[in-house]
1. Tell me the residue from A:GLY372, A:GLY353 that is more than 18 Å from B:PRO64 (Cβ to Cβ), within 11 Å of another protein chain (Cβ to nearest Cβ) and in a loop (DSSP other than H, G, I, E, B), please.
2. Answer with yes or no whether A:ALA351 is under 26 Å from A:VAL484 (Cβ atoms) and among the small types (Gly, Ala, Ser).
3. List pairs: first residue in the range A:223-243 and not assigned by TED's automatic domain parsing to the domain that holds A:ARG258, second residue not in a loop (DSSP other than H, G, I, E, B) anywhere in the structure, Cβ distance under 9 angstrom, at least six positions apart or on different chains.
4. Please go through (1) without any contact (Cβ under 8 Å) to a residue 40 or more places away in the chain; (2) touching a helix residue (DSSP H, G or I) at 6+ places or on another chain (Cβ under 9 Å) for B:ILE49 and return the number of the only condition it doesn't satisfy.
5. Taking A:THR321 as meeting all but one of (1) assigned to a loop (DSSP other than H, G, I, E, B); (2) surrounded by fewer than 20 Cβ atoms within 10 Å (Cβ to Cβ); (3) not aliphatic (A, V, I, L, M), write down the number of the exception.
6. In the range A:233-254, how many residues are closer than 19 Å to A:LEU312 by Cβ and within 20 Å of the chain's Cα centre (by Cα)?
7. Looking at the range B:210-233, can you tell me whether even one residue there is closer than 20 Å to B:ALA109 by Cα and within 14 Å of chain A (Cβ to nearest Cβ)?
8. Which residue is farthest from A:TRP405 (Cα to Cα), if the candidates are limited to the range A:375-385 and must be touching a residue at least 40 places away in the same chain (Cβ under 8 Å) and facing chain B (nearest Cβ under 8 Å)?
Amino acid sequence: MNRFFRMAAGGAALLAATAMSVPMAQAEPKQGGTLTMIYRIIAGHFNATIASGTPTGIPATQMFAALIRYDDQWRPHPYLAESWKIADDGLSVQVNLRKNAVFHDGHPITSEDVAFSIETIKANHPFKTMYAPVTKVTTPDKYTAIIHLSAPHPAIELAMSSQLGVIIPKHIYGEGNIRKNPRNSQNLVGSGPFKLKEFKPGEYIIMERFEDFFLEGRPYLDRIVFKKMSESTSRIIALETGKADISPFASDPQELTRLKKSKHLTLTPDGYSAIGPLNWLAFNTTRKPFDDKRVRQAIGYAMNKELMIKILYSGFAKRATGPIHPGSAFYSSDVNNYAYDMAKAKALLDAAGLKPDADGIRFKTTLNFIPGGAVWKRWSEITKAQLKKIGIDVTLKASSDFRSWIKTVAGHDFDMTLDSVFNWGDPVIGVHRTYQSTNIRKGVPWHNTQQFRNADVDAIMEKAGLENDLAKRKALYAQMQKMVVEEAPVIYINESPYHTIYNHDRVGNPPTDSIWGTSSPMDNVYIKQ
Amino acid sequence: MSDAKNTTPSNGSPGDVDEIFVEHPFRQFVVMYMRNYAAVAGLFVFVLIVGAALFAPLILDLDPFEMVDAPLLRPGEGGHLLGTDNLGRDLFVAIIYGARVTMAVGGAAAGITLVIGLTIGAMAGYYRGWVDEVLMRITEFFQVLPPLLLAMVLVALFSPTLETVAIAIGVVSWTGVARLARAEFLRLREQEFVKAARSIGARDRRIIWLVIMPNALPPLIVNAALTVGIAILFEAALSFLGLSDPNVMSWGKLIGDNRDYLLDAPWTITFPGVAIFLTVLSMSLIGDGLTDAFNPKLRER
């Protein structure tokens with residue numbers, strides 16, 4: 001196969017001149033066609049104002065527009081908002097809406113809807129920090145909304161983009177309990193480029209082009225079919241045979257290795273820098289012996305992270321070193337990277353008073369892992385084997401399904417667990433939540449489940465969250481990363497190797513041109529043939 | 001058991017006395033078993049596997065979960081007899097240790113099968129009437145449920161531990177034993193020796209467990225041997241689907257863990273597969289031998 005590629009590459013240069021006219025003709029996006037997208041999970045509803053997660057977000061960003069959209073360089077662009085301006089004191093944002101924008105039922109999108117959407121998100125969305133500083137949203141006229149803030153909020157622009165800041169119609173979702181609104185999943189009325197045609201729970205979503213979309217000539221696609229395909233093998237076959245055009249969030253190394261060999265497929269890691277997925281080993285810092293930072297650090301040293309990544313991801317993943325994803329502007333590599341060191345690990349455990357007994361066992365503990373997907377199970381087995389070497393006897397605890405794992409971890413009923421957590425663009429949105437002592441909310445998925453409490457870390461995050469000056473903010477986060485890594489409430493292993501796989505013979509303008517990848521509107525995507 | 005055999009030599013045909021018959025019944029049994037060479041080979045393989053399982057920690061001072069070398073080494077490479085699996089664990093060590101779990105689950109599941117099946121079958125066959133009706137409808141209910149699916153649901157509901165897996169397998173596979181036991185009891189309860197026991201005032205409990213049961217056992221023992229084989233296959237299937245205890249090494253788990261590497265490293269699946277095949281085959285040959293040994297009609301030949 002490799003030889004073939006080299007030949008093909010050589011041949012391509014020769015063919016380039018003759019083939020010139022063909023790609024030129026294809027470069028012009030054209031109307032029509034169906035894009036078939038496959039994904040592991042299908043959400044129960046698509047109202048992103050009350051739920052996080054990519055299964056909701058990918059379809060939601062097609063059906064609902066946000067005020068702002070981002071390119072792949074972290075630059076914000078107008079979307080539903082024609083323009084916006086953050087006041088000099090950082091305490092308000094004026095948003096000027098497009099005047100031609102209508103919902104899928106024909107009602108104009110007004111500032112009332114913007115105010116309603118932001119208030120709904122603030123009250124219901126799991127990411128509490130996202131709109132926490134918003135005091136109120138005023139509507140001086142039909143197309144102007146002013147978001148008032150109690151303090152400067154550098155994350156506000158990101159919070160107004162992608163699935164985090166979708167605009168929903170007040171006249172549909174304004175009455176009754178929004179969580180129980182049947183139109184979250186059926187007869188949905190959105191603001192985005194595609195409208196819901198059919199939703200079969202657990203199976204597929206069919207979205208159709210919205211004729212009156214506010215961007216002239218968009219979207220190009222007639223229809224998006226979003227299909228659930230939970231088995232890796234079925235996804236591979238669907239992509240190889242051309243039954244599916246695109247598969248986002250592919251991270252299974254077997255899947256990636258195999259599909260890399262297909263001539264008509266492109267694999268790209270682009271489009272995940274805002275999502276910022278990190279995999280780590282988390283401790284319940286309230287349980288003995290993990291309340292002792294030396295024990296947590298010892299485990300950090302005892303894990304051969306490079307070897308794990310090599311074995312688990314066949315070279316597709318990169319090492320993660322701290323709480324902020326390397327794709328973020330706030331990433332700092334100046335942290336202790338817990339280089340594999342058994343002697344150090346043992347010394348730390350000795351110092352913590354955990355001496356080995358006659359069988360060489362220092363203590364017994366348990367490790368939960370995310371069910372489904374061979375990688376997580378392998379992950380936990382490697383961890384078990386590695387920790388045994390320093391005298392920690394780990395019993396693996398399998399959960400019967402994803403929900404029960406979430407319940408266990410969110411309910412603090414664990415010693416150690418593997419976890420995969422996203423950065424969600426700005427540290428205020430996706431990073432603070434994991435370490436803030438004020439965000440220990442039993443029962444809520446992905447809060448500070450480690451129950452980590454450190455006043456210094458709290459203080460520095462609070463300061464960084466209010467700092468509008470980029471350089472100063474970066475410095476604060478660099479300090480925060482160093483402190484968190486030293487305290488080790490979690491041990492960072494790797495970036496989740498998410499790739500978008502698409503059929504380049506069919507898909508034009510693949511949705512990798514944004515930091516949000518497929519969790520951004522695909523109005524620019526078109527079908528080549 | 002042998003007492004009961006002495007009083008009731010065969011299926012009520014006391015005229016068939018010949019020279020083999022006058023020997024001690026256990027001796028006859030052994031002789032008959034030994035005549036079936038395939039069954040002897042099966043027993044040999046079985047003893048070998050059980051021996052490996054029992055003495056594994058004495059022979060190999062190694063942890064089957066320890067990552068000893070690079071992943072997916074070929075057999076022989078790096079000094080690993082059968083190579084290494086996808087996480088770099090020694091496949092030979094894993095198979096030897098896997099024998100313990102596989103055998104334990106197989107044995108326990110067969111035990112559960114036998115206990116449930118015998119109890120229900122004995123009650124139905126002995127009491128007949130409405131007891132029989134009710135118990136047989138329950139048995140039929142379990143019979144029509146797809147066994148693997150039911151076992152999967154059970155394991156998924158009650159976290160995948162070794163005990164759950166054994167119980168799940170037992171719960172889904174007792175119906176055959178129940179029907180067999182019922183048939184034996186229906187037949188035996190009309191025999192003279194049972195009537196005799198009843199006439200001297202023996203209670204139901206005594207008749208069921210001490211009078212009829214020993215005579216009903218032979219076909220059930222044969223069945224139990226086969227059940228162990230089926231239970232091992234079941235465990236392998238569940239592990240293959242990821243529904244097994246991740247803390248213990250079993251053959252099915254080895255196959256399940258390595259299935260993604262089927263094309264790159266076929267040996268990681270082949271060796272545990274061969275182990276399962278040999279064990280199940282040996283169980284079925286043993287079952288065959290037991291049938292011969294228990295069958296009085298063959299003794300005349």
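The values are calculated or read from the model by the stated rules, or taken from the named source; none is laboratory data. As the structure is a prediction and not an experimental result, all values here were calculated from the model. Note that each Cβ is placed from the backbone with ideal geometry, even for glycine, and that neighbours are counted across all protein chains shown.
1. Values: A:GLY353 fails: within 11 Å of another protein chain (Cβ to nearest Cβ).
From the options A:GLY372, A:GLY353, the qualifying one is A:GLY372.
2. Working: under 26 Å from A:VAL484 (Cβ atoms): yes; among the small types (Gly, Ala, Ser): yes.
Considered against the rule, which asks whether it is under 26 Å from A:VAL484 (Cβ atoms) and among the small types (Gly, Ala, Ser), A:ALA351 comes out as yes.
3. Every condition considered, no pair remains.
4. Tallying (1) without any contact (Cβ under 8 Å) to a residue 40 or more places away in the chain; (2) touching a helix residue (DSSP H, G or I) at 6+ places or on another chain (Cβ under 9 Å), B:ILE49 fails exactly one: (1).
5. (2)
6. Residues that pass the stated criteria total 5.
7. no
8. Going through the qualifying residues, I end up with A:ILE382.
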